[in-house]
Amino acid sequence: MHNTIESLLNDYHNGLIDREELQQQLIGIQQLPFAQVDIDRQRRTGQAECIFGQGKTPEHIISICQTLFDQQQPILVTRVDKDKATIICGALSFLTYDPMGRTLTCIPENTPIKSTNRLAVICAGTSDLPVAKECIATLTINGHIPTTITDIGVAGLHRLLNALPLIKKHDLIIVIAGMEGALPSVIAGLTSIPIIAVPTSVGYGAHQNGMTTLHAMLSSCASGLTVVNIDNGYGAACSAIRIMDTFLASIQS
């Protein structure tokens, strides 16, 4: 979206855009036959528009991404399988695909870096990395470069204790775990840092595709633990972005 209403009006006056485009720009919506692309979301909420790739055709995603690219917007597409990504990246060379996180991204060159290593994304196990990757992509495209700490689950508690000095250096942490979901509670009992916990669908039988993990985290006796939905690395990152943006704005003012 244009930076100011004045620049929009100047473009309209000079014949660079027509009346319909002027109206769409002013309301922050780019109308497509199958979607209304929110090109004003970043200005309005502080977070870039995100495309949920699951259920959309490659053609849908290509069209939406091209619209965002034309508006010089950051692009994040989640839940994109490899076959779909191959088609999309073949049409749009500006996109980068992460097969583990199943994300497509494009970060404009002028995107400001808001923080570096003030957020930590922590994984209980290597199997939780796909959720962590989605989380990291969301943070990064919104200007927050996190520290990543992996494979420090409670099955080997000494690994967590070794990482604890590094963990305590951060302002906010996202903890991702499957199985019985104990890691966020353990870290919450050892630090004063705000924690966002993400249950994952990694586990066996009675784990119930993450329901056991979710219930365990929601039932935690460690105070101050915030929990998001199963496998929702994106949602955890968005919560962290709101918190960090507000925190950074307060210390800068």
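The values are calculated or read from the model by the stated rules, or taken from the named source; none is laboratory data. Predicted model, so just to flag it, every value in this text is computed and none were measured. Neighbour counts are summed over all protein chains in view; Cβ atoms, including those assigned to glycine, are modelled from backbone coordinates with ideal geometry.
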task = Go through (1) closer than 18 Å to VAL121 by Cβ; (2) free of Cβ contacts under 8 Å to residues at least 40 places away in the same chain one by one and return the number of the condition ALA222 breaks.
result = (1)
LEU119 vs. criteria touching a residue at least 24 places away in the same chain (Cβ under 8 Å), within 14 Å of the chain's Cα centre (by Cα) and crowded, with 17+ Cβ neighbours inside 10 Å = yes
task = Considering only the range 211-235, state which residues are over 16 Å from SER185 (Cβ atoms) and assigned to a helix (DSSP H, G or I).
result = MET211, GLY233, TYR234, GLY235
message = Please count how many residues of the range 62-105 are among the charged types (D, E, K, R), farther than 17 Å from TYR234 by Cβ and in contact (Cβ under 8 Å) with a residue 12 or more places away in the chain.
response = 2
message = Restricting to the range 61-95, name every residue that is within 29 Å of LEU8 (Cα to Cα), modelled with pLDDT of 95 or more and part of a helix (DSSP H, G or I).
response = ILE61, ILE62
ask   = Before we move on, is ALA163 closer than 20 Å to LEU119 by Cα, modelled with pLDDT of 95 or more, surrounded by 21 or more Cβ atoms within 10 Å (Cβ to Cβ) and not assigned by TED's automatic domain parsing to the domain that holds THR78?
value = no
Answer residue from the range 138-152, given it is over 8 Å from the mean Cα position of the chain (by Cα) and not polar (S, T, N, Q) and is farthest from PRO165 (Cα to Cα) among those = GLY143
